[in-house]
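A short worksheet on the structure shown next.
Just so it is clear, none of the values below were taken in a lab; they were calculated from the coordinates. Please read these numbers as outputs of a predicted model, since none were measured by experiment. Neighbour counts are summed over all protein chains in view; Cβ atoms, including those assigned to glycine, are modelled from backbone coordinates with ideal geometry.
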Amino acid sequence: MQLEVDIESKAFENAAGERQDVLAGINFTLSAGEIGVLVGPSGCGKSTVLRILAGLDRDYQGHVAQPAGARIGMVFQEPRLLPWRSVEENVRLAAPQADDAKLAALFTILELNAHRSHFPGELSLGLARRVALARAFAVEPDFLILDEPLASLDEALAARLREQIAILVASRSVMTLLVTHNLDDAVRLGDRLFFLSARPAKILHVETIDAPRAARREADVNEIKAAISRLDLANM
Amino acid sequence: MLRLLSFVVFLATWWIASLLAGGAKLPAPPVVLAAAMTEARSGALFLNLGATLARVALAFTLAMTLGSAIGYLMGRVRLANRLGDPWLILLLNLPALVVIVLAYIWAGLTEVAAIAAIAINKLPTAVVTLREGTRALDAALDEMATVFAIPRWRAFRHVILPQLAPYIAAAARSGLSLVWKIVLVAELLGRPNGVGFEIGVAFQLFDIPLLLAYSLSFAAVVLIIEAALVQPFEARLSRWRPRAA
């Protein structure tokens, strides 16, 4: 199972009627079991790439080949939960086929058991993010899309959530695409890192990390980060 | 407790006003009660209240269903909005009396004409409210439903309908009060029974106790329906919201 992305260009028309190029050449492939990470300056069009891949935006030049009938699980930048449904109902609505045992395991990993019957309005942002993750994993996706799932969380919580994502991704063979502007998250979670330029975005550099996620020591992570910063991507 | 107090204040004001104005113009509460009891004993009161309620129920259901569907369509589809908007403005500003009289002229003095006329009066407000509600739908949640491939009907029920619920409740609330007002006019003009008809008779005979007996029984029914149906429904719809004042 493989995702092939070849987006030649994508332009928006802004409110004043001017054409604005957002993407100028994004091509990569992603195999099952792999985590690809899109890294780039904020506003460069990372989320636009995700919207195209999720099938929410079909107005672009190029070609995206997904395995037929691939189930998508997505974590949006904001949790996008239904405020009028409980945590459990939110997850079950997206994943009606999920059985009780699997859901229970998922809620345990994400430490959501105490909150099953709460409404999203009663949750902190960190908790709501975890519910959004639970929803994305509950559908047992073939293709998992994570749009800045760790943004604006404190470091300790982000680290815990990062571990939880790694556990969940390892538990099943899934193509994962993660968007982040945090190099640390990218290096700890990703197998292949795609560095994007500023608008209009194109891929500047692909960094492949061979060491398996679980085996990456603190020193390895720092070494990779140092190597990447030596590339001076911001000025390319 | 507070409600009881305000009811007592109402009765007292009425009684004092009747003493000041004289029993011929404003009969005292016991006189009106006696008139109501007479009507109740003969069964006429319940028959007429029942006829009016049935008309209200039918016209209200018809207008709400049709109005919600049209409003949703106009909120979603630009073309439908463009086509429907002039009609909507016309209907919104058409006096209720015109609709009722024309309905009786074209469809005869029939039950269908009465119910249709009442429904047409209520329809445009429901359309306008639901159109606003549909325009305010959260596109982010629509996208969520698309990405997770939630089937259309499930998405409508769990994603769209809860967002429209406050608008439906508002349309129902304002629509119900509109229907209560118009149904009596429609009955007065062209029906042989119902509260509106009886009030017309009482007016012609200058029978003020009878007039008040029917008016107040009708008001009591409206209050009971409000307390027993409308308010619990609204409370249920908003149970997920953090408690407001």
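Overview of results
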read-out: Neighbourhood charge, 9 Å Cβ-Cβ cut-off, centred on A:Arg192 and excluding it, Lys, Arg +1 and Asp, Glu -1; value: -3
read-out: Average projection area in nm² (convex hull over Cα atoms of chain B, one quarter of hull surface); value: 17.2 nm²
read-out: Hits among lysines - C-alpha to C-alpha of B:Lys25 under 27 Å, sequence gap 8 or more where chains match; value: B:Lys181
read-out: For region B:50-237: relative contact order, % (alpha-carbon pairs under 8 angstrom, 6 or more apart); value: 27 percent
read-out: Whichever lysines have a C-alpha closer than 27 Å to that of A:Lys225, once near sequence neighbours (fewer than 8 apart) are set aside; value: A:Lys46, A:Lys202
read-out: Placed amide H near A:Leu23: partners under 5 Å, 5+ positions off or other chain; value: A:Lys10, A:Ala201
read-out: Under 10 Å, Cβ to Cβ, from A:Leu30 - net charge with Lys/Arg +1 and Asp/Glu -1; value: -2
read-out: Helical mean residue ellipticity (222 nm; -39500 (n - 2.57) per DSSP H run of 4+; nearest 500) of chain A; value: -9500 deg cm²/dmol
read-out: Peptide B:139-147, shielding by other chains (average Cβ, 10 Å cutoff); value: 6
